[in-house]
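Undergrad: This is the structure I want to talk about, given as structure tokens.
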Amino acid sequence: MSLTLFITFATGLTFYLIYCNRKSNTTVTFIQEPDKPIDPKSDIYIVFSVENSKRWELQNHTFGAQYDGKFINNTNHRFTDWTVTAEVPENYWVDSTWNADFSFYFTGDKPIPIEHVETADYMRQFQSDKNQLVMKKVPNSRGTEVLGKNSKSSDSFMIGMIMYTPRIYEITNIKITGKFIYEPSESIIYHILLIGITISVVAFLILIIIRIAVIKQVKYYEVRQKLDSDIIVQAFKTFANFVDAKDPYTRGHPLRVAHYSREIAKRLKLSDHEQSEIFWLALMHDVGKISVSDSILNKPSKLSEDEYKEIRSHVTKGYEMLKDFTAMPMLKEVAKSHHEHFDGKGYPEGLKGIAIPLEARIVCVSDSFDAMNSDRCYRKKLSKDAIIRELQIEEGKHFDPRIARIMLSMIDDKFINEIENLDISDETNYKP
């Protein structure tokens with residue numbers, strides 16, 4: 001079991017590292033058109049500004065100015081190998097530059113002051129069919145990378161120049177190309193995979209040690225079985241804790257849903273094995289929320305359409321995360337289908353009635369009950385009477401009627417009182 005987990009996590013980590021490498025080697029392009037306002041939500045853009053005190057007029061009625069270019073990086077990734085191409089007016093002249101490698105392309109005559117004709121910048125200009133400034137990241141310089149918004153540095157990276165133009169000019173027609181660096185350690189997925197590998201390696205070593213120690217004992221099989229069981233409990237508890245850590249308002253939610261679901265399975269007269277299995281399925285039903293942004297999970301106000309789509313995506317992301325866990329095939333199905341509705345109006349596939357797996361229908365009722373019975377960032381928990389009315393109203397709509405009635409009986413006989421305040425730190429509560 002531990003070796004299988006190690007191979008699963010190691011394979012996942014390998015593919016994730018390959019994914020990050022490919023993303024980091026993908027060149028992206030952003031266009032800032034002069035007749036369109038800059039989208040402040042764009043992944044990256046640059047604004048060139050000129051302070052009034054840094055603009056002056058020459059005797060020949062041309063204008064000089066210090067142009068300060070500020071990068072805005074709205075992602076969590078460093079931006080590197082960048083090139084900024086800006087259109088400038090005919091007869092421009094750049095006197096000096098900083099924080100980038102500059103190239104100058106001009107048409108027509110250059111209005112260069114006579115005292116500058118022997119300068120290095122003058123010699124670096126190229127005849128062209130278009131007036132452009134090309135600014136590139138300084139090679140092998142980490143200091144000229146554009147840091148992401150999660151950087152601890154409060155200083156914005158600036159590039160700039162002193163430029164002379166025949167009229168007052170604002171730089172607005174800009175093209176940016178470059179690469180975002182996807183550091184594996186920036187994502188919680190990376191840390192989960194590392195923890196999983198560590199747990200599986202430790203578990204594997206423990207198994208080897210125990211195997212050697214008990215091989216001479218009659219009860220070797222029982223010892224190994226118990227150890228495997230404990231490892232499963234600890235592994236599932238660890239993943240449940242990851243989900244809890246993402247959303248403090250739903251702390252203990254996976255564990256409570258697991259206990260409610262197991263009791264429903266028991267009252268449906270499912271086998272002991274099926275009752276134990278549905279406990280694990282319910283415990284992992286929300287694992288996809290690990291990949292949802294904290295700011296969305298903990299948002300107290302109404303979600304936007306895009307934010308609501310991201311919340312809904314946790315079912316498919318959970319399915320993807322669990323699809324290779326073949327030892328328990330229904331694990332991924334419950335993660336994907338626990339928001340399907342009995343009347344076919346749920347998501348992600350709009351399954352209806354018994355087309356929805358029984359396990360997912362059970363978890364749907366347990367999940368909904370616990371959501372109504374818990375404080376959330378956007379509302380206080382509902383009263384028991386309000387919850388009962390909601391379960392009755394949604395029989396045959398949101399919920400399988402038979403399962404909804406079982407949940408009502410669990411409220412009536414006060415079974416839920418035993419589960420509402422479970423100690424999530426007590427490992428015995430994670431044993432089905």
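Every number in this text was worked out from the coordinates using simple rules, so none of it is lab data. Everything numeric in this text was worked out from a predicted model, so none of it was measured. Positions of Cβ are generated from backbone atoms using ideal geometry, with glycine treated the same way; all protein chains shown enter the neighbour counts.
Undergrad: Give the shape of region 247-430 as rounded, prolate or oblate, defined through the alpha-carbon gyration tensor: a ≥ b ≥ c are the square roots of its eigenvalues, a/c under 1.5 means rounded, and otherwise the shape is prolate if a/b is larger than b/c and oblate if not.
TA: rounded
Undergrad: Assuming a ≥ b ≥ c are the square roots of the Cα gyration tensor eigenvalues, decide whether region 20-82 counts as rounded (a/c under 1.5), prolate (otherwise, with a/b larger than b/c) or oblate.
TA: prolate
Undergrad: Same structure again: Name the residues whose placed amide hydrogens come within less than 5 Å of the amide hydrogen of Leu422, ignoring near sequence neighbours (fewer than 5 apart) on the same chain.
TA: Correct list: empty.
Undergrad: Take every Cα pair under 8 Å in region 291-432 that's 6+ residues apart, average their separations, divide by the length, and report that relative contact order as a whole percent.
TA: Over region 291-432, the number comes to 17 percent.
Undergrad: Got a sec? How would Phe399, Phe63, Phe48 order by Cβ neighbour count within 10 Å, fewest to most?
TA: In order of increasing Cβ crowding within 10 Å: Phe63, Phe48, Phe399.
Undergrad: Can you work out the Karplus-derived ³J(HN,Hα) for every residue in region 304-321? Use 6.51 cos²θ - 1.76 cosθ + 1.60 with θ = phi - 60°, whole Hz, and x for glycine or proline.
TA: Per-residue couplings from phi come out as 6, 4, 5, 5, 5, 5, 5, 4, 5, 5, 5, 6, 6, 5, x, 4, 5, 5 Hz.
Undergrad: Would you mind computing, in nm to one decimal, how far apart the modelled labels at Ser96 and Lys175 are, each placed 7 Å from Cα along Cα→Cβ?
TA: 3.1
Undergrad: Further question on the same structure: Among the listed pairs Lys289/Lys380; Lys317/Lys380; Lys23/Lys309; Lys41/Lys317; Lys345/Lys397; Lys70/Lys136, which have their C-alpha atoms separated by more than 19 angstrom in this model?
TA: Those over the limit are Lys289/Lys380; Lys317/Lys380; Lys23/Lys309; Lys41/Lys317.
Undergrad: Please list, in order along region 271-286, the HN-Hα scalar couplings obtained from phi with the Karplus expression 6.51 cos²θ - 1.76 cosθ + 1.60 (θ = phi - 60°), rounded to whole Hz, x for Gly and Pro.
TA: Each residue of region 271-286 in turn: 5, 4, 4, 5, 5, 5, 5, 5, 4, 5, 4, 5, 4, 9, 5, 9 Hz.
Undergrad: For Gln59 and Glu390 in the same chain, what is the full-extension length gain: residue separation times 0.36 nm, less their Cα-Cα distance, in nm?
TA: 111.1 nm is the gain from fully extending Gln59 to Glu390.
Undergrad: Apply the Karplus parameterisation 6.51 cos²θ - 1.76 cosθ + 1.60, with θ equal to phi minus 60°, to every residue of region 199-212 and state each ³J(HN,Hα) to the nearest whole Hz, in sequence, with x for glycine and proline.
TA: 4, 5, 5, 4, 4, 4, 5, 4, 4, 4, 4, 5, 4, 5
Undergrad: Test of understanding: what is the full-extension gain from Ser383 to Ser103, defined as 0.36 nm times their sequence separation minus their Cα-Cα distance?
TA: Residue separation times 0.36 nm, minus the Cα-Cα distance, leaves 93.9 nm.
Undergrad: With a point put 7 Å past each Cα toward its Cβ, work out how far Ile195 is from Asp375 in nm, to one decimal.
TA: 2.4
Undergrad: Please state the charge dipole magnitude for region 247-430, taken about the Cα centre, from unit charges on C-beta atoms (+1 on K and R, -1 on D and E), reported in debye and rounded to the nearest 20.
TA: 460
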